[in-house]
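Here's the structure we're looking at; comments come further down.
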Amino acid sequence: MANFDQNDDSVVVIVGSGAGGGTLGNELAQKGIKVVILEAGARVENQDFINDEWASFVQLAWKDTRTTSGTWRVHQDFPNLPAWIVKAVGGSTVHWAGASLRFQEHEFKTRTTYGALPGANLLDWPITLAELEPYYTKAEDKMGVTRTNNIPGLPGNNNFKVLEAGAKKIGYKEVHTGRMAINSEPRDGRGSCQQIGFCFQGCKSGAKWSTLYTEIPKGEATGKLEVRPNAMAVKIEHDASGKVTGVVYMDGSGALQRQKARVVAVAGNSLESPRLLLNSASAMFPDGLANSSGQVGRNYMRHMTGSVYGVFERPVHMYRGTTMAGIVRDEAKMDPSRGFVGGYELETLSLGLPFMAAFLDPGAWGRSFTSALDDYANMAGMWIVGEDMARETNRVTLDPVVKDKNGMPVASVHFDDHPNDVAMRQHAYQQGAAIYDAVGAVRTFPTPPYPSTHNLGTNRMSEKPRDGVLNKYGQTHDVKNLFVSDGSQFTSGAACNPTLTIVSLAIRQADTISGMMSRGEI
Amino acid sequence: MREIDRRSRVSRRSFLHASATVLPAAAAAATGLGISAEAAWAQEAKTLKPATMATLVLMARDIFPHDHIGDVFYIKAVMPYDAKAGSDPASRALIEEGVARLDADAMDRHQVAYLAVPWEQQRVEILRGVELTPFFRKIRGDLVVSLYNQKDLWAKFGYEGSSADKGGYIHRGFDDINWLPQS
């Protein structure tokens, strides 16, 4: 395992060890490039994960204070918890559900396909599906995605069987147990899924792909990758020429440290990444690093989400088995006759009793609420993942008052649903209820969006520097040795879970960075 | 399909064991008894008044009523407020003043304290009147965790809890649903 000197200015420093940072770190290390990953959280190995929702939340979740504003209900229900993401080595690949879907071709061209939607700030990606396809293929192989590379699908659990029966009954065609980065058979040194449930609490068996026990140990084995846990990036520094030179971070003891760097890649998820760029403002970059466009922190997307639960006369036990191995894809198409642009997926979802109580209808009490929980064992559940519309005013800013223990302003997240998001959610709630009604639900209810798990768009790619923060390789338009490697790169969010695309972009970015380094361009 | 035995697993022994750190022994005897200030668990409160403890328990049941759940779970959920009040005067004031407000509203409407208001529906109307107060929001918000995160209570809702230690559900019914209509 490598151990680099803090004054070694030949290393690539990556901030974050999740889908973007962990993958990029391993890919670069495999090419012989020296990498230091600064990870804000601790290293928790999978045998230490806890099958207990609240205890696991305390163990893994990013709980540092953030603030919120806007008309989204998360602001009212969870004002200091806008996102449910992970602060630990592996980042949110520790608690992700494993759903691994490719963008559709038109989803890279939202401005062209959807038009100039009022109140939205749509933009086409500077890359196409065709350009990303070879990297999607590599990512699916790396992650062991079911229904690709001749890997069989996962078996359906009870929750899936209810979804499947109802969906087929109302005429949906594309219904299956998903493309999941969860082993349905042993692969890559990891065993197959034991149907434990608790996918969101970290996969104790390791069947689910996570950078924690795939990319990171593989990278470390090359002797070129060092992961520093409990290292919270505070500021990126630059020289008089405008090139970045290193990252200042706080170590586990609370002391500030400085790691010099040849290249810096930011992969701290879509709330912390823009925060770090904004907190790195200087005399040369008064509005924040790489922010000449003013787009850093803007166009925050979180997917149009929500859930539908159905109560049946007899037990379902939805919590048994893989949480999200079940999908209906028929509504992911582009069909404006439904009253909105973009589309959505319906995916199985279950929460344990403690989180069901917390998220079913936050703030609710009384018998309407408790009678739903009384039927917990007879519930089936699904999650809606739809494309939401980028808006300039949905954004991450630096809170003017609240600061962290380093005295740095915390991230403040403002979000208002676009009317298209509202129309799509209404449609999805109705279709979700119809699925359960078709197989005899006695009661269905929509559940409002939870704190965001898909955080996207706050450092978006753009062809023209004035429209976004990054070029098509995730390199900042303003600073040539500064990259962004997480979901904040997304120009649009598409109707699918983002991790596969983040991993594909990271593999591609590793090729870009190593090429530029070998040519002496950075 | 494999269903869950929802009968109470709260034997006196296991309950005492599980709650030894937060609950006076007397509370273990509460199962089946009414909610009153004279109950031993209420009398053992060190900082809050016994009537306050009893009112919190009834309030908890009125906020999250589950008819198949015994009082002991609600008692266990609110008991930590006594220790909290002992170390934090602001908490103590919030709770004692909040309960006093409930009693005052109950006196206005029904000429008795909250604990003596006979029907749940009448008590719920009183709670509706204070649901935006910091006191109510604090109690309701805490209960979401302090009530529903009691492991002894999960089986009563048909939830099985930890699974990896039992080998997951791959051989324990992850796909055993047998009542769906055949398509």
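The values are calculated or read from the model by the stated rules, or taken from the named source; none is laboratory data. What you are looking at is a predicted structure, and each value in this text was computed from that prediction instead of being measured. Cβ: placed from backbone, ideal geometry, glycine included. Neighbour counts: every protein chain shown. Note: accessible area is taken over every heavy atom of the protein model, side chains too, but ligands, DNA and RNA are not part of it. Shrake-Rupley method; radii C 1.70, N 1.55, O 1.52, S 1.80 Å.
Some points to look at:
- Which of B:ALA83, B:LEU102, B:LEU48, positive extreme of dipole for the range B:12-166 (C-beta unit charges): B:ALA83
- Cα gyration tensor shape of the range B:55-163, rounded if a/c is under 1.5, else prolate or oblate by comparing a/b with b/c: oblate
- Taking the Cα centre of chain A as reference, the dipole from Cβ charges on Lys and Arg (+1) and Asp and Glu (-1) amounts to some 260 debye.
- Relative contact order computed over chain A (Cα-Cα under 8 Å; 6+ residues apart), in percent: 24 percent
- The value for the protein assembly as shown of Rg(Cα) / (2.2 N^0.38 Å) is 0.99.
- Burial ranking of peptide ranges B:167-176, A:459-468, A:492-501 (average Cβ count within 10 Å, highest at the top): A:492-501, A:459-468, B:167-176
- Dipole magnitude of the range A:249-300, debye to nearest 20 (Cβ charges: Lys/Arg +1, Asp/Glu -1, about Cα centre): 140 debye
- Ratio Rg/Rh [Cα only; Rh per Kirkwood] for the range A:372-472: 1.11
- Alpha carbon centroid spacing (whole Å) that separates the range A:149-217 from the range A:83-102: 14 Å
- Dipole size of the range B:12-166 about its Cα centre, with +1 on Lys/Arg Cβ and -1 on Asp/Glu Cβ: approximately 320 debye, rounded to the nearest 20.
- Note on the range A:33-178: percent of Cα-Cα distances in each 5 Å bin, starting at 0 and stopping at the bin with the largest distance, equals 2, 7, 9, 10, 13, 18, 20, 15, 5, 1, 0.
- Given charges at Cβ of Lys, Arg, Asp, Glu: the protein assembly as shown dipole, positive-most of A:SER92, A:ALA2, A:ILE513: A:ALA2
- Whichever lysines have a C-alpha closer than 16 Å to that of A:LYS243, once near sequence neighbours (fewer than 8 apart) are set aside: A:LYS235, A:LYS260, A:LYS480
- Chain-alone versus full-assembly comparison, the range A:156-173, residues with accessible loss of at least 40 Å² (1.4 Å probe): A:ASN158, A:LYS161
- The range B:116-131 - phi-based ³J(HN,Hα) in whole Hz, Karplus 6.51/-1.76/1.60, Gly and Pro as x: 9, 5, x, 10, 3, 4, 5, 5, 5, 5, 5, 5, 4, x, 10, 5
- Distance violations [Cα-Cα > 20 Å] among B:LYS49/B:LYS76; B:LYS49/B:LYS84; A:LYS142/A:LYS472: A:LYS142/A:LYS472
- Buried solvent-accessible surface, both chains (B, A), 1.4 Å probe, Å² to nearest 100: 3900 Å²
- Solvent-free Debye scattering, log10 I(q)/I(0), computed from the Cα coordinates of the range A:421-477 at q = 0.31 Å⁻¹: -1.13
- Efficiency of FRET between B:ALA104 and B:GLU38 - r from beta-carbon atoms, R0 25 angstrom, step 0.05: 0.70
- For A:ASP8, the residues whose amide H sits under 5 Å from its own are A:LYS260, ignoring neighbours fewer than 5 places away on the same chain, with H placed 1.01 Å from N.
- Gyration tensor (alpha-carbon) shape descriptor, chain B, a/c threshold 1.5: prolate
- Label-to-label distance, nm, for residues given as B:ASP5 and B:SER87 (7 Å Cα→Cβ offset): 3.8 nm
- Vicinal HN-Hα couplings computed from phi for the range A:487-494 (Karplus, 6.51 cos²θ - 1.76 cosθ + 1.60; Hz; Gly/Pro x): x, 5, 5, 4, 7, 8, x, 6
- Here the gap between A:ALA423 and A:ARG367, fully extended at 0.36 nm per residue and compared with their Cα-Cα distance, gives a gain of 17.2 nm.
- Projected onto its three principal axes, the C-alpha set of the range A:247-361 covers 64, 45, 27 Å, listed from the longest axis down.
- Selection from A:PRO446, A:PHE200, A:ALA428 lying farthest towards where the dipole of the protein assembly as shown points positive, charges on Cβ: A:PHE200
- Extension gain from A:LYS173 to A:ARG466, taking 0.36 nm per residue of separation minus the Cα-Cα distance: 101.2 nm
- With contributions of -39500 (n - 2.57) from each DSSP H run of at least four residues, the per-residue ellipticity at 222 nm computed over the protein assembly as shown stands at -9500 deg cm²/dmol.
- Taking 0.36 nm per residue of sequence separation and removing the Cα-Cα distance, the A:GLU185/A:ASP416 pair yields an extension gain of 78.9 nm.
- Of A:LYS168/A:LYS333; A:LYS87/A:LYS405; A:LYS87/B:LYS138, pairs whose Cα-Cα distance is over 23 Å: A:LYS87/B:LYS138
- Inter-chain Cβ neighbour count for A:421-434, averaged per residue, equals 0 (cutoff 10 Å, partner chain atoms only).
- Spatial offset of the range A:454-522 relative to the range A:354-393 amounts to 34 Å, using the alpha carbon center of each.
- Per-residue ³J(HN,Hα) for the range A:57-63, Karplus 6.51 cos²θ - 1.76 cosθ + 1.60, θ = phi - 60°, Hz, x for Gly and Pro: 4, 5, 5, 10, 6, 7, 10
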